[in-house]
1. Considering only the range 46-55, state which residues are of a type outside the set (Ser, Thr, Tyr) and either open to solvent by 30 Å² or more (accessible area, probe 1.4 Å) or part of a strand (DSSP E or B) (or both).
2. Cβ-Cβ below 7 Å, separation at least six or inter-chain, first residue in the range 59-74 and more than 18 Å from Asp90 (Cα to Cα), second small (Gly, Ala, Ser): which pairs?
3. Please verify whether the range 24-45 includes one or more residues that are out of contact with any Lys or Arg (no Cβ under 7 Å at 6 or more places or on another chain), in a strand (DSSP E or B), open to solvent by less than 60 Å² (accessible area, probe 1.4 Å) and among the hydroxyl-bearing types (Ser, Thr, Tyr).
4. Against the condition surrounded by 16 or more Cβ atoms within 10 Å (Cβ to Cβ) and either in contact with a His (Cβ under 8 Å, 6 or more places away or on another chain) or among the hydrophobic types (A, V, I, L, M, F, W, C) (or both), how does Val5 come out, does it pass?
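The values are calculated or read from the model by the stated rules, or taken from the named source; none is laboratory data. None of these values were measured; they are calculated from a predicted model. Note: ideal-geometry Cβ built from the backbone for every residue, glycine included; neighbour counts use all protein chains shown. Each accessible area value is taken on the protein alone, full model and side chains, heavy atoms only, with ligands, DNA and RNA left out. Shrake-Rupley method; radii C 1.70, N 1.55, O 1.52, S 1.80 Å.
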Amino acid sequence: QVQLVESGGGLVQAGGSLRLSCVVSGRTGTIYTMGWFRQAPGKEREFVASINYNGDSTYYADSVKGRFTISRDNAKNTVYLQMNSLKPEDTAVYYCAARPSGIVTDAPRYRYWGQGTQVTVSS
């Protein structure tokens, strides 16, 4: 089994920054790709960013490209999402996800999920 625990969410003004963290525990050797998704009230869960095991391949949703950066520290079993220039439309619950294979953007193809952390951006 694999467990994911997110942290770092909160309330921030538009234009501000937050860094989310996701700590992975359990059978970490089975994880290859890590991803971040988000879900706003009344909306479907949407892909934000993902990163492969070595950290040399990343992929971003167009809506966050140039503002968000995903990274990982395998020694600490942690993946990060640095969020800059935040906008009110970034308000959502952010979820960390993991899968044993390569980068994809479809949520159902991620096997493991965290409980989520709330990010609220005020205007």
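1. Glu46, Phe47, Val48, Ala49, Ile51, Asn54, Gly55
2. Close Cβ pairs (under 7 Å, with a partner that is small (Gly, Ala, Ser)) amount to Ser71/Gly55; Arg72/Gly55.
3. yes
4. So Val5 does not fit the description; no.
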